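All of the numbers you see were taken from the coordinates with simple rules; none came from a lab. Since this is a predicted model, take the numbers as computed values, not measurements. Because the Cβ atoms are built from the backbone with ideal geometry, glycine has one as well, and the counts that use them run over all protein chains shown.
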């Protein structure tokens, strides 16, 4: 019955695990409601219908982002994914947004929506190295979306901004750590990266990264940040003067965090500069706390560093600008000149006046009103001006990290803190632990959140929380409740009982059982469930050795029980595709077991070659080592019995070629080509008409075949020469008869145009290179045409209007052009020379060469002012110059430290003014150019072991002359570099010299080659290789050796270290040694289970141990091992014994012992505890009971006291009761012992008995 039930469960489970068909996905099982909503909203935004399951899945596969979806209207609605069940189906996702919720806005008491079911990710997303996008923020309840902290609490005017209180900030950070820890714990997929954007306000420690699942590598983007914290004011009296103060201690100031090699740490005090922005404090006091008739309200700032330095400053402080520590702290804190160290305390103090008080009250009330405003109302007209709370104001503390090279690091992280003073009162909080450890009194400001202390501990009790009343009716909520008066919190305790936990080892959860403090029997819970497994029972320890007896075992301390499971067997069908062979019966095989190799099938004309895993017959199935893991088909491979065909060669008049006999499907061996006088052999063809060539490399023989030789007659060539008739030489050509002449490049001849090639010397018939074939030795003749000569005549109008040039044939006359014009001048005619000596006559002067004619003008005189801009030099007087005349060069101006370089036409000094040739044509300013007296720097060359290179002295801003390359034995010169680490090369063409410079020579070692030989140890030869030092050996084709399998190449002849061709480099002459493994022999190992469940026969490699044997089962017996003989005298030791022949092993069994209850009926005597005794064992004789006035006479098997029980001989074979027999005491005669003495002796004996009983060590109940 039990086996039938097990089989039914296995069938049911196998049905349950059938995967969902891709055609009919169950969306509700595959995806969370969260992701389904996200997909539908995204599809709607893109106008895509996802009404069917198929269209839904297609859209999922097309999405590239999983995360927030914004409606077209600009609003969000239930589309922030926090349940990621099914995210792995978004196979093309490139961005996945994961919200990390740290709070709510508006604040509520709702439990937070934590990320869940993020256990795996799309395979393509992980493999492509994409990063998860972690988005910490506050859940905006109205629109159901997570907004970053800096969207709600920031310093940018115009946004949804609020100042954070210190309590809110601590609250958000605590939740951030909890959520991050949960996320890291739940992801179980392959390693992936995740990035947190700039959330410095949350990331002040990294404890959540410790001892967590590191399959997620978290990178936190840190940056410079401003933090805003509201601080409560309190009153302080000094003498007769009252002050308002805020006190800031070190814990109020965030740490500066840096990242180094993907790790984060807080910087040490000496690694940062610190300071206070004094100007900002003054501006804050001036703008917000100063009456209109005053320059600035009084204030005082007192600072103490942890190294003992103290500073104080008031509103009248005027920085001296020197290097005093006072200035360093208040003025230079954000620079390298600031102080190193750590702040201990800061006090900002204001004298109490009516004006100051009213201003603080106004600010504080406005802030409290502001903090209660819902986000959506922040910008309404009736709301208080919230800009006051978002400006960078108040007490600003600056911290900057200093790099190892003593420079400031603006990235990745520095912190500026702004503290805003507000009115509040201070109250005391006492913790009354009532027996737990004592907690000190604490001070808190009004409306502050109390920092939750570590839970107290009290022996024998469970802590149940803190309450504000002795009756424990009002539990204190540290996250939401605020201090409004001095108060006490009371610890509530509950008497601790015995807790029993159930560890289900992967099964469904089982609730804890709580017993009274005295303990007792554990009630048996409902059995847990686990897919693919059968629940066995509960055990007392993780090793699952001792089964727990709920009806007998009692507990008196906290206990954990562990579930034991037994895997349900799964079977798969294995079918055999014989590919045309005889039928082979299918098998049903248990998952993980081996297929029984069937008798080989048969097929006429073929040889059976084995079973293969795939229909393409690439991978052999190994019946001894390949386990069955799914339903499968094995494919038979066949080898056809070979057939031979005759191949003959018809040489068509050529020499004879011997025929061949070729196996069907094989290739013909290409014969030596035949010969035939006057012909060239063109190859073998499949047909006598020579249409298809026979390929000896690819054409297999499938029938008797004749191949036909094709021949090509040897061609005749004729010489073709070119007579160029006085032109340049043209090379002759040798042309095959009937082919065409290649048209040569046209020849050239001075003064002539080439007109083509002709067949005859009289140039009557043109030769056509495209249609005229060569039929005999031929000469072609060049034809030429004389070229006429033209000369250009240009007109230089000398500033007048443009006159078009003319091209005139030699000996002809120029056409006289229209006279040009020029403002302020009269045209006087055209002249042959620029000096206007000889006029040109257009009717008599012919053109005999290229000619320029010059226009002559007569100017009407005009004067222009010429001024001199000396550009910082001495003054130069202006001049008035007639148009066209030359400026008189003045005495050169002077300028200290500069050399005068001349006068220029432009202020940009592009064109020099030539006083000898540049006429004045308009009002003109000339600009003095100066050249600074040059500075020279030494450039030295560090050749780093190479030959010496001479230093150079180079003018500042000029370039170094590249020297001859140095030399160094065994090295190649790689160039000159700016630094000794060779990171930046010096460019001699573009790098100017600006200081004394050393250039460093970089060298590259000349490579060395080593021989690598292969010792194949009896295998086929492998060619040696010559490999460059430090490079990799090319892995050769594996050698072969009959009867052996090649196991790889080794570094030594003892085969201790394999050579890795991808990682091992050659550093010397090397020999690699081939390792061989003899092809193994397998033996059958059969198992005789002697009445137990059958065990499958194994095929074991000779010389190997037996592994993976499943022990049989036999009802009522314990399996005691396998033995070599049927008499069970010699056990088979699996760790030692090796298989060297076919063997049978025999199962040994031992009956499972049965325990029976033995009770003791004392018949009015003292009670005797019952015993549980194994069948066939002896009862432990109990201490004799007592009965007043009677003597105990022993235990009997029956109530009639006929047969006494012998504790040394009688064994237990069934549940029994033993009966006490008593004999009434007789009254003794007087003995001389007084009554008092008798009583004392009796009491002494009774007392001794209690001592003995009390001394017995309490023993735990055995669980065997």
Legend entry - Evaluated at q = 0.16, 0.19 Å⁻¹: base-10 log I(q)/I(0), Debye formula over Cα of segment 752-825: -0.72, -0.86
Legend entry - Evaluated at q = 0.23, 0.27 Å⁻¹: base-10 log I(q)/I(0), Debye formula over Cα of segment 571-640: -1.00, -1.31
Inset, instruction - Set the Förster radius R0 to 51 Å, insert the Cβ-Cβ distance between residue 1213 and residue 250 as r into 1/(1 + (r/R0)^6), and round the FRET efficiency to 0.05. - result: 0.05
Legend entry - Equivalent ellipsoid dimensions for segment 1009-1078 as semi-axes, Å, which come from the Cα gyration tensor, largest first: 21, 12, 10
Inset, instruction - Scale the Cα Rg of segment 1082-1151 by the rule-of-thumb value 2.2 N^0.38 Å and send over the ratio, two decimals. - result: 1.06
Inset, instruction - For segment 836-985, just list the percent of Cα-Cα distances falling in each 10 Å bin from zero outward, please. - result: 8, 22, 14, 14, 15, 13, 9, 3, 0
Inset, instruction - Would you give the gap between the C-alpha center of segment 911-926 and the C-alpha center of segment 1029-1074, rounded to a whole Å? - result: 85 Å
Inset, instruction - For residue 593 paired with residue 608, estimate the spin-label separation in nm (one decimal), with each label point 7 Å from Cα along the Cα-to-Cβ line. - result: 2.2 nm
Inset, instruction - State log₁₀ I(q)/I(0) for segment 790-859 at q = 0.11, 0.18 Å⁻¹ as given by the Debye formula over alpha-carbon point scatterers of equal weight, solvent excluded. - result: -0.24, -0.64
Inset, instruction - Could you bin all the Cα-Cα distances of segment 822-887 into 5 Å bins starting at 0 and give me the percent of pairs in each, rounded to whole numbers? - result: 3, 13, 15, 14, 12, 10, 8, 8, 7, 5, 3, 1, 0
Inset, instruction - Would you give the gap between the C-alpha center of segment 819-839 and the C-alpha center of segment 574-620, rounded to a whole Å? - result: 112 Å
Legend entry - Rg/Rg_ref, segment 936-1005, where Rg_ref = 2.2 N^0.38 Å and atoms are Cα: 1.06
Inset, instruction - Would you compute, for the Cα atoms of segment 498-567, the largest minus smallest coordinate along each principal axis and list the three values in descending order, in whole Å? - result: 39, 22, 18
Inset, instruction - Give the share of C-alpha pairs in each 5 angstrom bin for segment 917-1075, from 0 to the last occupied bin, in whole percents, shortest bins first. - result: 2, 7, 12, 12, 8, 6, 6, 7, 7, 7, 6, 5, 4, 3, 2, 2, 2, 1, 1, 1, 0, 0
Inset, instruction - Determine the equivalent ellipsoid of segment 863-932 by diagonalising the alpha-carbon gyration tensor, then write out the semi-axes as square roots of 5 times the eigenvalues, largest first, rounded to whole Å. - result: 21, 12, 10
Inset, instruction - Starting from the Kirkwood radius over alpha-carbon pairs of segment 717-786, derive D by Stokes-Einstein at 37 °C in a medium of 0.692 mPa s and give it in µm² s⁻¹. - result: 266 µm²/s
Legend entry - Gain on full stretching of the segment that runs from residue 326 to residue 810 - 0.36 nm per residue minus C-alpha separation: 164.6 nm
Inset, instruction - Along each of the three principal axes of the Cα atoms of segment 1140-1214, give the extent in whole Å, ordering the values from largest to smallest. - result: 78, 23, 17
Legend entry - Label-point gap, in nm, between residue 865 and residue 573 - each point 7 angstrom along Cα→Cβ: 11.3 nm
Inset, instruction - Quote to one decimal, in nm, the extra length available between residue 237 and residue 895 on full extension: 0.36 nm per residue of separation minus the C-alpha distance between them. - result: 230.0 nm
Inset, instruction - Sort 1106, 714, 662 so the one with the fewest other Cβ atoms within 10 Å of its own Cβ comes first. - result: 714, 1106, 662
Inset, instruction - Using only alpha carbon positions, build the gyration tensor of segment 694-838, then give the equivalent ellipsoid semi-axes as the square roots of 5 times its eigenvalues, largest first, whole angstrom. - result: 67, 24, 11
Inset, instruction - Starting from the Cα of residue 1225, step 7 Å along the direction of its Cβ; do the same at residue 1038; then give the gap between the two resulting points in nm. - result: 9.5 nm
